[in-house]
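Enquirer: Sharing a structure, written as structure tokens. Questions coming.
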Amino acid sequence: MTELLQYLPPVRGKIEAHVPLRDITYLHVGGKAEVFFEPADSDDLINFLRKRPAVVPITVLGAGSNVLIRDGGVPGVVIHLGDWFKRIFKEGVTFEVGGGVLVADFAENAAQQGVSGFEFLSTMPGTMGGGIPINAGCFGRNMKDILLEIEVVDFQGHVHWVPAKKIGLTYRKSAMPNDWIILRAWVCGSVLAPSLILRTMDELRETRVTQQPTGCYTAGSTFKNPEGKNAWELISAVGLRGVHHGGASVSEKHVNFLLNDNHATAEDLETLGEMIREKVLKKTGVDLEWEIVRLGTKTPTVTDWARLISQEERRDEAL
Ligand SMILES: Cc1cc2nc3c(=O)[nH]c(=O)nc-3n(C[C@H](O)[C@H](O)[C@H](O)COP(=O)(O)OP(=O)(O)OC[C@H]3O[C@@H](n4cnc5c(N)ncnc54)[C@H](O)[C@@H]3O)c2cc1C
């Protein structure tokens, strides 16, 4: 079998084979990225996407706060937006925010500059790029409420500028195609004294600490709230608070949070999640939908890239 790295185009950024992903995700489980690529800048990323063999799968990873990486790892290339994508520019009350910027850092930056509207982001982990596809939010505010426009590159390397109203942001989902990588976002707020904004942010953070587990390996809410219902109420109703499976458990404090509290595997967490879904479905008739994005394969895969890529080349020549 052949190493994927040798079939990929040269890049200026960091590219490595067999990179463990558990340490860079909040659940702290899972296998390796077959190849991990941190582009030097957007041109590096675009060039890579245009020249890579199309059969090679692409996965994007932000801060890893809403993903469960399966134990077999992620085949193909995992793209992670590094420092160049962490820039913030301000013009009036509008900000251009890089796809790799942590939303909490952005909220702090905007607060210091006297722009309000982003306070809710100060309590959330994750990047701007990771929050938009699921219209992330809390305390009654979502990405939809602040977003003006996004710049994306698709997996073929074509760049698009798209107004927020065209990406269908609704509760924890969007109509964005799966092959879009968010490079930059433009968001808008309003003027307010920094001291008032910072006070609100402190209050929101305090509220969160009282309601949710902190200082543990978790990816936040496991399931989306079904229309007109709360996932946590349904899970409580089937008596699963604090239940363990392998090294995973259902949080005592917030039952919609799964914890890796004793060297869990991804399999432990996913099985526990599926057990919850099954019990809730049986008792209430509600089919819970995963909010956590599960990536990769359960067991390691070995791909014959040489064969797949030469097949693709022959197909291209025949066209
Ligand atoms: C303690 C805790 C509390 C949380 N509270 C909330 C909350 O209140 N509200 C809420 O909505 N979420 C919450 N979450 C979930 C999570 O923080 C958000 O969903 C966050 O927006 C995910 O961003 P990320 O950068 O970590 O994305 P990741 O977890 O890395 O990825 C999530 C998804 O986004 C995709 N993605 C990542 N970057 C990009 C990009 N640049 N372009 C396109 N797609 C991309 C990935 O492919 C993946 O499908 C919480 C998580 C934790 C751990």
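The values are calculated or read from the model by the stated rules, or taken from the named source; none is laboratory data. Only a predicted model underlies this, so the values are computations on that prediction, with no experimental measurement involved. All accessible areas refer to the heavy atoms of the entire protein, side chains included, with ligands and DNA or RNA removed. Shrake-Rupley method; radii C 1.70, N 1.55, O 1.52, S 1.80 Å.
Enquirer: Any chance you could run the full-extension gain for THR94 through ASN47? It's 0.36 nm times the residue separation minus the Cα-Cα distance, nm to one decimal.
Expert: 14.0 nm
Enquirer: Right, another one. Using the Karplus curve 6.51 cos²θ - 1.76 cosθ + 1.60 with θ = phi - 60°, what ³J(HN,Hα) values do you get for each residue of segment 29-34, in whole Hz, with x for Gly and Pro?
Expert: 9, x, x, 9, 7, 4
Enquirer: Here is a further query. Considering only VAL35, VAL97, VAL11, give the residue with the highest GNM mean-square fluctuation for the chain, with springs between Cα atoms whenever their separation is below 10 Å.
Expert: Ranking VAL35, VAL97, VAL11 by mean-square fluctuation puts VAL11 first.
Enquirer: Tell me, what HN-Hα J-couplings in whole Hz come from the Karplus equation 6.51 cos²θ - 1.76 cosθ + 1.60 at θ = phi - 60° for each residue of segment 303-319, using x for Gly and Pro?
Expert: Whole-Hz 3J(HN,Hα) from phi for segment 303-319: 9, 8, 4, 4, 5, 4, 6, 5, 4, 5, 5, 5, 4, 5, 5, 5, 7.
Enquirer: What ratio of Cα Rg to 2.2 N^0.38 Å holds for segment 4-83?
Expert: Dividing the Cα radius of gyration by 2.2 N^0.38 Å gives 1.04.
Enquirer: A further question on this structure: Given N residues in segment 186-281, what is its alpha carbon radius of gyration divided by 2.2 N^0.38 Å?
Expert: 1.34
Enquirer: Oh, and also: Semi-axes of the equivalent ellipsoid of segment 237-319: what are they in whole Å, largest first, if each equals the square root of 5 times a C-alpha gyration tensor eigenvalue?
Expert: The three semi-axes for segment 237-319 are 40, 17, 9 Å.
Enquirer: Related question: Sequence-distant or interchain residues sharing an amide H contact under 5 Å with VAL101, placed H: which?
Expert: MET128, GLY129
Enquirer: Over its Cα atoms, what ratio of radius of gyration to 2.2 N^0.38 Å does segment 86-195 give?
Expert: Cα-based Rg divided by the globular estimate yields 1.00.
Enquirer: Which entries in the list LYS173/LYS279; LYS14/LYS166; LYS224/LYS253; LYS144/LYS283 go over 28 Å, if you measure between the two C-alpha atoms of each?
Expert: LYS14/LYS166; LYS144/LYS283
Enquirer: Continuing with the same structure: State the dimensionless ratio Rg/Rh of the chain (Rg: radius of gyration of Cα atoms; Rh: Kirkwood radius).
Expert: My calculation of the ratio gives 0.99.
Enquirer: ³J(HN,Hα) across segment 134-149 via Karplus (A = 6.51, B = -1.76, C = 1.60, θ = phi - 60°), whole Hz, x for Gly/Pro?
Expert: Each residue's phi maps through the Karplus curve to give 10, 6, 4, x, 6, 6, x, 10, 10, 3, 3, 6, 10, 7, 9, 7 Hz.
Enquirer: Can you give me the % of accessible surface on segment 214-295 that is carbon or sulfur? Probe 1.4 Å, all protein chains present, nothing else counted.
Expert: Roughly 48 percent of what the probe reaches on segment 214-295 is carbon or sulfur.
Enquirer: Let me cross-check ARG208: its accessible surface, 1.4 Å probe, with only protein heavy atoms counted, in Å² to the nearest 10?
Expert: Roughly 50 Å² of ARG208 is accessible to a 1.4 Å probe.
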